[in-house]
């Protein structure tokens, strides 16, 4: 069988075209430093790459959520510690005032000091995070938790008992409490009045 020189020439040109396309593809891959520039380069790998990009975005969001949650919980812990210390100081003042040996002037001094301590305690309860949301008002973060009610003559709680969940991993949520503590005994149920 004889092969014509025209066939050899056409075959050589076709092969040069294929090699040119391959060379162009390799040059593009070298320039972009990516093996897959368009999905048709490798459809299976391109699909996996899209999945990996989604997972990477989710991980970044989880890291952001963890950072925000950690900061929020640290802030809450600092305020709770300060409030606990303030309550202990108020208790000491009340015990000192209750011994019955003080004059009316001394009692006025105790009253003024306790009133100032109460104002400080209410300010701590009404603490806000860096975004301006109230820390201890449940899910009503735009509502001041404790306010003075003129008609009742006492401080009232305006928040709710809701909790907020933050996703920190796929299928893992952490509940963040933003509410007032529950009363534990009848003695703790006394109402503070000014």
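Bear in mind these aren't lab numbers, they're just calculated from the coordinates by the rules spelled out. Computed from a prediction, not measured in an experiment: that's the story for all the values here. Glycine gets a Cβ as well: all are built from the backbone with ideal geometry, and neighbour counts include every protein chain shown.
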Roughly what would the spin-label model give for residue 8 and residue 117, points 7 Å off Cα along C-beta, in nm?
10.8
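Rg/Rh for the stretch 62-116 to two decimals, with Rh computed the Kirkwood way over all alpha-carbon pairs.
Details: Rg = 18.6 Å, Rh = 13.7 Å.
We get a ratio of 1.36 for the stretch 62-116.
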With the crude spin-label approximation of a point 7 Å out along Cα→Cβ, what separation in nm comes out for residue 108 versus residue 44?
9.0
So what's the angle, to the nearest 10 degrees on a 0 to 90 scale, between helix 43-97 and the longest Cα principal axis of the chain?
10
Could you tell me, in Å, what Rg and Dmax come out for the Cα atoms of the stretch 1-90?
31.3, 111
Simple spin-label estimate for residue 151/residue 63, 7 Å along Cα→Cβ, in nm, reads 5.2
Fraction in percent of alpha-carbon pairs per bin - 10 Å, the stretch 95-173
16, 30, 25, 17, 9, 3, 0
For residue 26 and residue 52, what is the calculated FRET efficiency with R₀ set at 22 Å and r taken between the beta-carbons, to the nearest 0.05?
0.40
Enter the mean projected area of the convex hull around the alpha-carbon atoms of the stretch 47-141, in nm², rounded to one decimal.
8.0
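For the stretch 109-152, would you read off the P(r) tail past 11 Å as a percentage of all alpha carbon pairs? Before the final figure, lay out each step's value.
Values: 639 of 946 pairs.
Of all Cα-Cα distances in the stretch 109-152, 68 percent exceed 11 Å.
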Gaussian network model of the chain, Cα within-10 Å springs - most flexible of 153, 111, 17
17
May I have the pair-distance distribution P(r) for the chain, computed from all Cα-Cα distances with 10 Å bins from 0 and rounded to whole percent?
7, 20, 18, 12, 10, 8, 7, 6, 5, 3, 2, 1, 0, 0
Among 35, 164, 54, which one shows the highest mean-square fluctuation when the chain is modelled as a Gaussian network with alpha-carbon springs under 10 Å?
35
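Quick one: if the Förster radius is 30 Å, what FRET efficiency do residue 139 and residue 170 give, using the C-beta to C-beta distance and rounding to 0.05?
On the way: r = 24 Å, r/R0 = 0.80.
Calculated value: 0.80.
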